[in-house]
1. Counting only heavy atoms of protein chains, what accessible area per residue, in Å², does the chain have with a probe of 1.4 Å?
2. In whole percent, how big is the carbon plus sulfur part of the accessible area of the chain, probe 1.4 Å, protein atoms only?
3. About its Cα centre, how strong a charge dipole does the chain have in debye, to the nearest 20, once Lys and Arg get +1 and Asp and Glu get -1 at the Cβ?
4. Using the charge dipole of the chain (Lys, Arg: +1 at Cβ; Asp, Glu: -1 at Cβ; taken about the Cα centre), state which of Leu108, Leu23, Ala47 has its Cα farthest towards the positive end.
5. Would you check segment 136-248 for Lys pairs whose C-alpha atoms are within less than 22 Å, ignoring same-chain pairs closer than 8 in sequence, and give me the count?
6. Provide the net charge surrounding Leu200, with neighbours chosen by a C-beta distance below 13 Å and charges set as Lys +1, Arg +1, Asp -1, Glu -1.
7. Out of segment 112-183, which chymotrypsin sites (Phe, Trp or Tyr not before Pro) are coil in DSSP terms and have no more than 13 other C-beta atoms within 10 Å?
8. For segment 116-214, I need the span (max minus min coordinate) of the C-alpha atoms along each principal axis, in Å, sorted largest to smallest.
Amino acid sequence: MSVKCFSAPTPTPLLTQDDLKKLAAYKAVDYVSSGMVLGLGTGSTAAFVVSRIGELLKSGELKNIVGVPTSKRTQEQAASLGIPLSILDDHPNIDLAIDGADEVDPFLNLVKGRGGALLREKMVEAASAKFVVVVDDTKLVSGLGGSGLAMPVEVVQFCWKYNLVRLQEIFKGEGCEAKLRVDGDGKPYVTDNSNYIVDLYFKTPIKDAGSAGKEISSLEGVVEHGLFLDMATAVIVAGKEGVTVQTK
């Protein structure tokens, strides 16, 4: 893995987390060229990417871009900025996807999906020739699950509790707690694909993420999980001292 460092423009100790996300997002857009089909990610960091692409299209610095959004809210944002949009059915070979991540380990493996769009994100990003990840340095972990925050699993609504119990049982040795995700009204959160999400909270990092992903996927009624393994081409990390680019 290689790491390149770039100085943050006008560095200041008062940079907010949103400032850092914006720095990394703008660096990621440097990978975009006119004529590309782009996978457009979901979440607060990805929103900066989409906004920047919209600005460059409007100014004429980018041309003939087609975006494939990974969620309804990204679709709405991109459409409002005049970004031409399509779907995987019509563009099954994507040149580049750019998205955020919830965790990044030293091998550039990821946890994604706390924004609820993990299924469409994984479909679009797996179809991409290159996948650039944009994060601030709070997302770096020694092992996936190490933040203690949610690792999402999308499940069908039918007998969701059955799968919640089974998921918790798989990882009982790692002190895992499984919870159904709910919205602000206390009702089950429903994904763009009309599924539920079971969030897994680990007390210790996942010992073998590859095996964990296979075990989760083997459960009937599980649609997708938030372990994005061996998918990232590059990870752009913004920190107080500037921006670094990590590649395998």
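1. Numbers: 11640 Å² over 248 residues.
With all protein chains present, the chain gives 47 Å² per residue.
2. Values: 6150 of 11640 Å².
Whole-percent figure for carbon plus sulfur exposure: 53.
3. Numbers: 26 positive and 31 negative charges, 38 e Å.
Taking the Cα centre of the chain as origin, the dipole is about 180 debye.
4. Checking the options against the dipole of the chain, the answer is Leu23.
5. Qualifying lysine pairs in segment 136-248: 19.
6. Values: positive: Arg114, Arg166, Lys172, Lys179, Arg181, Lys203; negative: Asp102, Glu103, Glu154, Glu169, Glu174, Glu177, Asp199, Glu215.
Counting the neighbours of Leu200, the net charge comes to -2.
7. Working: sites: Phe131, Phe158, Trp160, Tyr162, Phe171; in loops: Phe158, Phe171.
Answer by residue number: Phe158.
8. Extents along the principal axes, in whole Å: 36, 32, 27.
The values are calculated or read from the model by the stated rules, or taken from the named source; none is laboratory data. As the structure is a prediction and not an experimental result, all values here were calculated from the model. A quick note on method: Cβ atoms are made from the backbone with ideal geometry, for glycine too, and the neighbour counts reach across all protein chains shown. Heavy atoms of the whole protein, side chains included, go into the accessibility calculation; ligands, DNA and RNA do not. Shrake-Rupley method; radii C 1.70, N 1.55, O 1.52, S 1.80 Å.
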